Amino acid sequence: MQDIIRNKQVALQKKIENDISAFSSEFNKMIDNNASLKELTYWENSEKVRTFSNNFHNNLMVKAGAPDDFNGVYLTAEWYKRNLYMWSFVEKNTTKPNEKVMVLVGSSHAAMFELFIRDKPDWKVTELKEIMEQ
């Protein structure tokens, strides 16, 4: 955030702060309304939260800093790198055709995995809620 402030990227700073505030507010409201752990988990693993996470890394942080400053891009690149390492582990350990695989990761990692899986025609994502309510 220091690069954003130093470069007077007021609109970007406001967008990031507003998005994080809205995210936190919605989560806190659920807790205040006594949402169950199951409801909170479904929300954390929702398409809305995955989209928020990917948008944060892929569309907002890459804009941070001066035109010749790539700290925001570096943050996103490290995020991708971590997820690619994890994805590589899944790929290398899934050897049988039609094998079912459950990958238990935090929602922002799941958001990246969903992007990777979209490009694999023989794979599909099954939502946590779908599995839990069978």
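The values are calculated or read from the model by the stated rules, or taken from the named source; none is laboratory data. The structure displayed is predicted, hence computed values, not measured ones. Virtual Cβ from ideal backbone geometry, glycine too; neighbours counted across all protein chains shown. Side chains included, ligands, DNA and RNA excluded: accessible areas come from the protein's heavy atoms. Shrake-Rupley method; radii C 1.70, N 1.55, O 1.52, S 1.80 Å.
Can you tell me which residues in region 22-45 are in contact (Cβ under 8 Å) with a residue 24 or more places away in the chain and hydroxyl-bearing (Ser, Thr, Tyr)?
THR41, TYR42
So, in region 31-51, how many residues would count as being more than 21 Å from ALA111 (Cα to Cα) and surrounded by 12 or more Cβ atoms within 10 Å (Cβ to Cβ)?
Looking only at that region, the number is 1.
Each row is one residue, and each column tells you yes or no for (1) in contact with a Lys or Arg (Cβ under 9 Å, 6 or more places away or on another chain); (2) closer than 19 Å to LEU115 by Cβ.
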{"position": "ILE4", "(1), (2)": "yes, no"}
{"position": "ASN7", "(1), (2)": "no, no"}
{"position": "VAL10", "(1), (2)": "no, no"}
{"position": "VAL49", "(1), (2)": "no, yes"}
{"position": "THR76", "(1), (2)": "no, yes"}
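Take the residues of region 94-114 that are over 19 Å from ASN54 (Cβ atoms) and of a type in the set (Ser, Thr, Tyr): which is modelled with the lowest pLDDT?
In this case the residue turns out to be THR95.
Checking the conditions here, which among ASP19, ASP3 is without any contact (Cβ under 8 Å) to a residue 60 or more places away in the chain, open to solvent by less than 60 Å² (accessible area, probe 1.4 Å) and of a type in the set (Asp, Glu)?
ASP19
Conditions (1) under 30 Å from LYS120 (Cβ atoms); (2) at pLDDT below 90; (3) among the hydrophobic types (A, V, I, L, M, F, W, C), marked per residue:
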position	(1), (2), (3)
ILE5	no, yes, yes
LEU12	no, no, yes
ASN18	no, no, no
GLU47	yes, yes, no
LYS92	yes, no, no
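Looking at region 72-127 only, could you name the residues that are of a type in the set (D, E, K, R) and under 30 Å from ASN7 (Cβ atoms)?
GLU78, LYS81, ARG82
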